[in-house]
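Reviewing the structure listed below.
Just so it is clear, none of the values below were taken in a lab; they were calculated from the coordinates. The structure presented is a predicted model; accordingly, all values stated were derived computationally and were not measured. For neighbour counting, all protein chains shown are included, and Cβ atoms are generated from backbone atoms with ideal geometry for every residue, glycine included.
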Amino acid sequence: MRFMRLGLWLLRRERSSGEWRVLLLALIIGVGSVSTTGFLGDRLKRAMGEQGASFLGADLLVTSSRAIESWPASSTQNIPAKSSPLSTSSLATSQALEFSSMVAKGDAFQLATLRAVDAAYPLRGTVRIAPQPFTESTSRPALPPPGAIYVAPDLLPLLSANVGDSVQIGEASFTIAGVVAEEPGQLGGVFGLAPRVFMRADEVERTHVLQPGSRVTYLYQFAGEPNQLTAFSATLKPTLDSTQRLIGSREGVETLRGAFANADRYIQLTALISLLLSVAAIAIAAHRHALRHYDQAALMRCMGATTAQLRTLYAVQLLTLGVLGSLIGVAIGALMQQALALLILPDAATRLPSLGLAPVGIAVVSGLLALAGASLPALMRLIRVPPLRVLRRDLPPLPLGAWISAAVSGSTLLLLIAWYAGDAKLVGVFVGALAGLVLVLTLLARLALFAGRGVQRLSHGPVRFGLAQLLRHRFDSTLQLGAFTLALFLVALLALVRSDLIAGWQQQLPPEAPNYFLVNIAPYQQAAVADYLSQHQLKASELYPMVRGRLTIKNGVPIASTLPPELRDSNTLRRELNLTWTATLPANNAILAGQWHGTHNAAEISVESGMAERLNLAVGDQLGFQIGDQTLDARITSIRSVKWDSMQPNFFVIFAPGQLDALPAAAIASVYVPPGASGMLPGFVKAFPGVTVLALDKLIANIEAVFAQIIGAIQLLLGFLLAAGMAVVIATLLASLDARQQEAVLLRTLGAQRAYLAKSLWSEFLALGLLAGLLASACAEIAMALISDRLFELPARLHPWLWLALPLAGALLVGMSGWLTTRHITRVPPMQSIRALG
Amino acid sequence: MTPPDSAQFPAESSSASQPPSVVTARALSQRVSTADSTLTILSEVELDVKAGEILAITGASGSGKSTLLGLLAGLDQPSSGDIFLLGQNLSELDEDARARLRAGRIGFVFQSFQLLPARSALENILLPLELAGRTDARERAAHWLERVGLTARAAHTPRQLSGGEQQRIAIARAFATDPQILFADEPTGNLDADTGARIIELLFELNASAHTTLILVTHDDALASRCQRRLHLIAGHASEVAVA
Ligand SMILES: Nc1ncnc2c1ncn2[C@@H]1O[C@H](COP(=O)(O)OP(=O)(O)OP(=O)(O)O)[C@@H](O)[C@H]1O
Ligand SMILES: [Mg+2]
């Protein structure tokens, strides 16, 4: 108890010491970083959890790509089958249709996601409708009055429409009766590319939008007592085919939460990097603190303090700093997460639950763990200082085995990483990547410093002196350089990913690449659409008929069973594929193996090479597809490469003609509309009301906006990384401050001007920052080249501005941190410095 | 092994005329092994200091004075031989037990002052009192600050004080807990002759009023000659020299 008080007493007097400040600062940065993501992740997760059934809009949801006519016998009376009207059932039911269509007003048109609902929708949760965007909303059924629709607020500006205006959907016109402020299953409207519209199910017919082959999702909702639901889903499940899904409220949230948890984990790991950088700064500060306190510790031992008492004393100091730093960090995290939340969901304040307490605990424990891992070795040495040191000043504290220190720090940090990464594999990958990065950065830093030697020889005066400092403290410089390069590199990489992918994609398109997709062209419209396009002299692709089907069988056995477990969940198997047929090989495709089927009228298919590789398919394999309620077999006769970014309709699987003709197939085509001719589009939309017109540039802009939001959010996190990098620079500089001060005093007594000292300091820090910037630029270019090549198959390109911006940013930030840390050594009069060094 | 004057511990049981031994060394040797040879720093030192005595340890530089002082105070362990400090055989105590023995009972004054740089003069004196858990720490610290005549400098840090002033603070710190024994290693070594003399006066004066046993290492013959006893070291060999 006494020693706790004493510890606090000693700490209070030293609160202004450089080491404690850096330690606290680094801790605040690290904890701020992990708590920002922690808070946000927790809020989003709880938003999903709390919504439960209201998330699905029902207790049970069945989705199907076609209407389900027959329901299990045991519960037919409860089922909204077309034949039987909604009955006095024990299960409440509702059915809805979801499909995409164009909504037009005057010459403006926009793709929207329509949900046609009945009076019971939603069974759980609420739909809130407001009379005007961003005004008070009321909870009411999603079913609009006859002849009216409710629309998402973002649709209005896109159509230059207001509530009360009349808009066209297909061949029918509707009045906008209100805006959707909230609906089940949505955290925010940001990620939907096509705005939501609610309409009446009984008015779908009138629009003539849905044609055979149109893509529609049937949503059947059920709500009721848990035991009835269980019985119902048990009888229903066996009757569903692989294109239909039964989702329980729990399960619906779980799948979403699973996907979310994965993304969340990666973001948390990004945040963890800042914490680990902070650990480096903390370790350096703690080491220096120990160095400066060996005398104090020895004196106290001499005065009769036992090791246990000293341990208490220093533990209390550490804990106090740890809790203080963590709490400040958490407070900053709480502020930052709100900024992030608003960036991702503009109306986060109303959509998300309030801050949770759990992340506070997690962040504080992370902070304490990081602090412990970073500073325990230094403090352990401090406690074991021999009291005899008071007589023999040179006596070093008992060496703590390097292995023990490494084990203490290593295991604490590993614990921290394991905690954030969750599973062993990710821990391995993370630690491996980190170790690799550290190794590469160390090597690069050493190399750069080596090159710096040449520059130093050529320079003179204070610059030469400053550079000499940089080269002398080689370990420090390597650490500073490495830490700062890492921070700059990651920040730059994200910026590049954001701007490059989209820009690069657009840049390499041929000048007359298609800029519109025409989707959902009904069979009876296809000839007319082709005529229309040629009449207007538009360059269009072939019209590809399209049916949707799922790949289920390979050579007689379920394909999932032929794959290793981790591939079974592949999107290619879960999703319905767009299947087409044609006799001519599409322009951007090339045969890699086998022979193009051409007009050969047989059960033959051509498969895209990437898919073939993923699913281990080869020419000669017999595949089975589930298309609607029938299955179809075909043999692979060729493997094709596809240029996915060609803006042409592309297909994984192309059938030989004659195989799918019997199926209702809406067609797809791409078309180039020259800038001057876009005036014909409203005419086209009016002429072919069911056809969806996708403006690719708008689509790209939309994707880009979503992308920018997410990356912007992550970049905010990387601000922490930069701050942590600065903390490392400051900590290492502090560690060498005594020696520097001694040198400065010596130089000043020898007649060096204050300006000389200042210049030499500046040249040291500017050089450090410039170097870090250059290294980071190089790393970012290489990483970016790899990413574009491997992930997005884009050609790598150089970014000259990067080579200017990063060194400048580095010089500025490092220069600032360095100057702030060391400026006073140029100011102190030599006499005072001599006394201080005593 | 039993202490030579074991009969005199505890003090109450001793004869009234003979004060008890507070520090005793028996066949005390200290050797350090270097890369190729063993260096003997102290060899078979015998010593017995009674309560209230003032002992000077003298000798040339490198003769082993500081080493002996450190051993007697229990700051280090000897290679062979026994040390009894306040009746306790130090070889039976581990590092922490020795520290507990020192707490509040042993005071130190060093050549290099060893004040905590970040703390004020008053706080430096407070430190051992706080460590010993004295409830009247503040008052005692203020009292001792006054005894060394530096009340006006209470809030100043060592950096703002002269060498002599710093040593006075160190002395106040050493006496503040009313130690039974005070060890001083060349307390005037870093000071000019005048200041050194004043420091010594202060030390003797405080010692006289507090009845502390004083063991001090010094180069200064004048100082040594004012002590009751004098132990002279020559290359690790000790011999008691009669004080004039
Ligand atoms: N741990 C050690 N390792 C090696 N040599 C040591 C060790 N401890 C002491 N010595 C040596 O023993 C000798 C005595 O040291 P000590 O500090 O006791 O001398 P001193 O009499 O106090 O000298 P001074 O008057 O200069 O302070 C010195 O030569 C010193 O270098
Ligand atoms: Mg000495």
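Below are the figures for this structure:
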quantity	calculated
In segment A:88-190, the chymotrypsin sites (Phe, Trp or Tyr not before Pro) that fall in loop regions by DSSP, at most 14 other Cβ within 10 Å	A:F134
Label-to-label distance, nm, for residues given as A:R5 and B:A197 (7 Å Cα→Cβ offset)	4.4 nm
Under 27 Å from B:K50, Cα to Cα: lysines that are on another chain or at least 8 residues apart	B:K65
Cα pair count fraction exceeding 20 Å, expressed as % - segment A:368-488	64 percent
Ellipsoid semi-axes in whole angstrom, largest first, where each is sqrt(5λ) of the Cα gyration tensor of segment B:148-206	17, 15, 10
Cα-based helix-to-principal-axis angle, A:307-344 vs chain A, degrees rounded to 10	30 degrees
Helix-only [θ]222 nm of the protein assembly as shown, DSSP H runs n ≥ 4, -39500 (n - 2.57) each, per residue, nearest 500	-16000 deg cm²/dmol
Computed Kirkwood radius, in angstrom, where 1/r is averaged over Cα pairs of segment B:41-111	13.2 Å
Trypsin sites (Lys or Arg not before Pro) within segment A:588-675, DSSP loop, no more than 16 other Cβ atoms inside 10 Å	A:K643
Dimensionless Rg ratio for the protein assembly as shown, taking C-alpha atoms and the 2.2 N^0.38 Å reference	1.32
Loop-exposed GluC sites (Glu not before Pro) per DSSP, neighbour cap 15 Cβ within 10 angstrom, longest uninterrupted part of chain A	A:172-511
Proximal lysines to A:K643, defined as alpha-carbon separation beneath 20 angstrom and excluding residues fewer than eight positions away on the same chain	A:K539
Chain B: angle of helix B:121-131 to the longest principal axis, Cα-based, in degrees nearest 10	50 degrees
Convex hull volume of segment A:109-152 per residue (C-alpha atoms, cubic angstrom)	100 Å³
J(HN,Hα) series, segment B:180-196, from Karplus relation 6.51 cos²θ - 1.76 cosθ + 1.60, nearest Hz, glycine and proline x	7, 10, 10, 9, 10, 9, 6, x, 10, x, 9, 10, 6, 4, 4, 4, x
FRET efficiency, B:R159 to A:L750 (Cβ-Cβ, R0 25 Å, nearest 0.05)	0.60
Nearest-20 debye value, segment A:539-672 charge dipole, Cβ charges on Lys, Arg, Asp, Glu	140 debye
Ranked A:L481, A:L327, A:L376, criterion: other C-beta atoms within 10 Å, fewest first	A:L327, A:L376, A:L481
Inter-label distance, nm, simple model (7 Å from Cα along the C-beta direction), A:L439/A:V557	3.9 nm
Amide H contacts of A:L114 (H built 1.01 Å from N, under 5 Å, at least 5 apart or other chain)	A:F99, A:S100, A:S101, A:V197
Helix A:424-458 vs. chain A, principal-axis angle (Cα, 0 to 90°, nearest 10)	50 degrees
Qualifying trypsin sites (Lys or Arg not before Pro) in segment A:202-247, DSSP loop, other Cβ atoms within 10 Å at most 11	none
In Å, descending, principal axis extents of the Cα set of segment A:539-672	45, 30, 25
Label point distance in nm, A:T599-A:H536, each placed 7 Å from Cα along Cα→Cβ	3.2 nm
Residue (of A:M611, A:Y672, A:G658) at the positive-pole extreme of segment A:584-677, dipole from beta-carbon charges	A:Y672
Charge dipole (debye, nearest 20) of the protein assembly as shown; +1 at Cβ of Lys and Arg, -1 at Cβ of Asp and Glu	1920 debye
Sorted by Cβ density within 10 Å, fewest first, the residues A:V330, A:V685	A:V685, A:V330
Computed over segment A:525-605, Cα set: Rg, Dmax in Å	17.3, 53
FRET E, pair A:D165, A:L458, Förster distance 60 Å, beta-carbon r, rounded to 0.05	0.25
Theoretical FRET efficiency, 1/(1+(r/R0)^6), r = Cβ-Cβ of A:D423 and A:D738, R0 56 Å, to 0.05	0.80
Share of alpha-carbon pairs per 10 Å distance bin for chain B, given as whole %	8, 31, 36, 21, 5, 0
Value of relative contact order over chain A, rounded to a whole percent, pairs C-alpha under 8 Å and six or more apart	17 percent
Selection from A:T37, B:L233, A:A780 lying farthest towards where the dipole of the protein assembly as shown points positive, charges on Cβ	B:L233
Whether segment B:56-151 is rounded, prolate or oblate, judged on the alpha carbon gyration tensor where a/c under 1.5 counts as rounded	oblate
